[in-house]
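Undergrad: Got a structure here, written out as structure tokens. Questions coming.
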Amino acid sequence: MSAGDDSDDKAFRRRQIVLRLLAFAVVGLAVAVVWYTHQFLTQRFTEATRNRAEVRLALYTGNLMSELQRNSVVPLLLARDPALTGALERGDYSVTSQRLISLQGELGTASMLLLDAEGRTVAATDRNRLGTSHRNQPYYVEAQRGKETIFTSGRRESGGFRFTFSRALMAEGRSRGVIVVEVDLMKYERSWAGLTDAVAVMDSEGIVVLATEPRWRGLPLDQALELRDPPTAIGRALKATADWAQTAPDAYVRGEAVMRTDARVPFRGWRMVVFSRYDSVRERVNAFLAMEIMGFALLMAAGFWLTSRQAQSQSRAFQRESAELRLLNARLQREIAERQRMQENLAVAEQTLAQSSKLAVLGEMSAAVSHELNQPLAAMKTYLAGARLLLQRRKAEEALSSFQRIDDLIDRMGAITRQLKSYARKGGEAFAPVDFKACIGEALSMMEPQLKPRRVRISRALPRAPVMVLADRIRLEQVIINLLRNALDATRDVAEPRIDLALSLGESAVLTVTDNGPGISDLDKLFEPFWTTKKPGEGIGLGLAISSGIASDLGGRLTARNGEEGGAVFELSLPLLDKAAQAAE
């Protein structure tokens, strides 16, 4: 690279650093301006929203007081009506209900009841209530005790509260009955429900008697505000974001932050509360913030456009390098395809070697059997020649001992052929009680032709009593032989080969086969079919896979690990006869 190119590169880097610093400065300024604007506008719009809420609260309070005052005068007017008092004195109520109905239309009350001295309804604007008894109702009891108009409130069976004004009808200094006027304040709940605000009216004890939220009625306001549906994960996230982006809310209604505005209702210590949502505040603030953010975004876009113009020159250089990389990638893809073809050919070769390994195993077994049978045959030929000489010399007793030895050799050859025939026979599917200890002995006897030439030291730690398991003897011996062959192959290059066999009893019978070989290099692939560490022609990697499957079929498990002092450790665990029989039952 020339000195001119080096100076140009340094100048370009300095420009890049300056542009980055400017970008960070603009971003910092934008964050500061947006934050200050958010705080200022939120406070200002919140105060405006609270002022509007106070105006609405005054309107709601005035409407409520107007309704209460208008209905509070009605019992006093009706108590002086001679038609009602005369009906109570005469006991003639034929036209009394019609009189109340006509008065209801003139006075605009919700409903009216006329109760006699016993608290029985003798006239009503709702004729279905005639004859009902109100003797124990507070509005009757309280009116009988005093001479003034009594206001009472109580829970309705259908929900909500019933508000009544009642007054005793006096004649000749004693009470003749009680006039009851019900006030319909629920209509204000229905009108408030169409607004975005939540409204609640509490009595002197702080109990909610009117509310746009039906669940609030009959509860203190603090408890009523705690009634809310469990928020979802998205709702909690939005709530946390809203709380961070605005001043602390006064309360939450339906999971949304609201501001609280209180006012006193000049009636028996009542209070009214209005909860206004912050939505209007957020919308107006967000509109201003969006305009500011858009301005800063346009400024940043202009800066990025200038930066992109300077980066075009380097992008051309990157395009040239990209073309070179594409050519290199094409060459690599060709090499990968060639390697894949080589791997496919290798897989075919491995399958061919697997078949060859099978033939090699058969040849090894034939050679071992041939070697084991040749020795007794050679000895028999020697004993026959000796017996012929002894008979010629008339030494019959000594010749009989030679014949006895020949008979022993024949038994030994028969035992060898029986073991091979038993091992070659296919195992059955029916399980029977089998002596685990005897199977180990049979497996060692069948492996004796291969163990003798190697001079392997074999140690056995077996219990004295038989160890009975429920299994197939042929398949169990096959697993033990595979483990012995694997240990024998592992100690091929060891100076003093050693194989330890241990049979222990616990929850199950466990045979441990330990060798002093190099150990297992990959425990994860050990029981996979066709995986082996032997040289080609010495094994195909099916012995341990088959043994693991047989162990599972017998209800046990075959595991492997590396020993603490080196070498491999295989453990074959099978359930004992009693536990296996219980599991089978």
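The values are calculated or read from the model by the stated rules, or taken from the named source; none is laboratory data. Please read all numbers here as calculations on a predicted model, not as lab measurements. Heads up, the Cβs are rebuilt from the backbone with ideal geometry, glycines too, and the neighbour counts pull from every protein chain shown. Areas reflect the complete protein model, heavy atoms only, side chains present, ligands, DNA and RNA absent. Shrake-Rupley method; radii C 1.70, N 1.55, O 1.52, S 1.80 Å.
Undergrad: What do you reckon, is residue 421 open to solvent by 70 Å² or more (accessible area, probe 1.4 Å), of a type outside the set (Ser, Thr, Tyr), under 59 Å from the mean Cα position of the chain (by Cα) and at pLDDT below 80?
TA: yes
Undergrad: So, one more: Given the structure, is residue 85 in contact with a helix residue (DSSP H, G or I) (Cβ under 9 Å, 6 or more places away or on another chain) and more than 16 Å from residue 289 (Cα to Cα)?
TA: Yes; evaluated as a whole, the condition is true for this residue.
Undergrad: Can you tell me which residue in region 209-223 is most open to solvent (accessible area, probe 1.4 Å), limited to those that are assigned to a helix (DSSP H, G or I) and not charged (D, E, K, R)?
TA: Going through the qualifying residues, I end up with 223.
Undergrad: For residues in region 544-585 being at pLDDT 85 or above and β-branched (Val, Ile, Thr), which is nearest to residue 517 (Cα to Cα)?
TA: Among them, the one singled out is 569.
Undergrad: Scan region 239-279 for residues that are of a type in the set (Phe, Trp, Tyr), modelled with pLDDT under 80 and surrounded by 13 or more Cβ atoms within 10 Å (Cβ to Cβ) and jot them down.
TA: Within region 239-279, 252, 278 qualify.
Undergrad: On to the next question. Of the numbered conditions (1) under 30 Å from residue 313 (Cβ atoms); (2) modelled with pLDDT of 75 or more, residue 104 satisfies every one except a single condition; which is it?
TA: Only one criterion in (1) under 30 Å from residue 313 (Cβ atoms); (2) modelled with pLDDT of 75 or more is unmet by residue 104, namely (1).
Undergrad: Next question, about the same structure. Kindly indicate which of 370, 401 is part of a helix (DSSP H, G or I), modelled with pLDDT under 80 and surrounded by 11 or more Cβ atoms within 10 Å (Cβ to Cβ).
TA: Exactly one of 370, 401 is part of a helix (DSSP H, G or I), modelled with pLDDT under 80 and surrounded by 11 or more Cβ atoms within 10 Å (Cβ to Cβ), namely 401.
Undergrad: Further, regarding this structure: Can you work out which of the residues in region 468-503 that are part of a helix (DSSP H, G or I) and without any contact (Cβ under 8 Å) to a residue 60 or more places away in the chain is most open to solvent (accessible area, probe 1.4 Å)?
TA: 473
Undergrad: Hey, can you tell me all the residues within region 504-519 that are surrounded by fewer than 16 Cβ atoms within 10 Å (Cβ to Cβ) and hydrophobic (A, V, I, L, M, F, W, C)?
TA: The answer is 505, and nothing else.
Undergrad: Something else now. Return yes or no: is residue 181 in contact with a helix residue (DSSP H, G or I) (Cβ under 6 Å, 6 or more places away or on another chain), of a type in the set (A, V, I, L, M, F, W, C) and within 21 Å of residue 66 (Cα to Cα)?
TA: Considered against the rule, which asks whether it is in contact with a helix residue (DSSP H, G or I) (Cβ under 6 Å, 6 or more places away or on another chain), of a type in the set (A, V, I, L, M, F, W, C) and within 21 Å of residue 66 (Cα to Cα), residue 181 comes out as yes.
Undergrad: Okay, next question. Can you find a residue that is of a type in the set (Lys, Arg) and in contact (Cβ under 8 Å) with a residue 24 or more places away in the chain anywhere in region 160-168?
TA: Scanning region 160-168 turns up at least one residue that is of a type in the set (Lys, Arg) and in contact (Cβ under 8 Å) with a residue 24 or more places away in the chain.
Undergrad: Hey, any hits in region 280-295 for a residue that's β-branched (Val, Ile, Thr), more than 25 Å from residue 56 (Cβ to Cβ) and at pLDDT 65 or above?
TA: Within region 280-295, one or more residues are β-branched (Val, Ile, Thr), more than 25 Å from residue 56 (Cβ to Cβ) and at pLDDT 65 or above.
Undergrad: Then there is this: Spot the failing condition for residue 187; the list is (1) farther than 19 Å from residue 109 by Cβ; (2) of a type outside the set (Val, Ile, Thr); (3) not in a strand (DSSP E or B), and only one is missed.
TA: The number of the failed condition is (1).
Undergrad: Which one of 330, 323, 337, 317 is hydrophobic (A, V, I, L, M, F, W, C), closer than 30 Å to residue 19 by Cα and at pLDDT 80 or above?
TA: Among 330, 323, 337, 317, only 323 is hydrophobic (A, V, I, L, M, F, W, C), closer than 30 Å to residue 19 by Cα and at pLDDT 80 or above.
Undergrad: While we're here: Just a yes or no: is a residue in region 190-204 in a strand (DSSP E or B), open to solvent by less than 30 Å² (accessible area, probe 1.4 Å), of a type outside the set (Phe, Trp, Tyr) and within 30 Å of residue 116 (Cβ to Cβ)?
TA: No; the residues of region 190-204 include none that is in a strand (DSSP E or B), open to solvent by less than 30 Å² (accessible area, probe 1.4 Å), of a type outside the set (Phe, Trp, Tyr) and within 30 Å of residue 116 (Cβ to Cβ).
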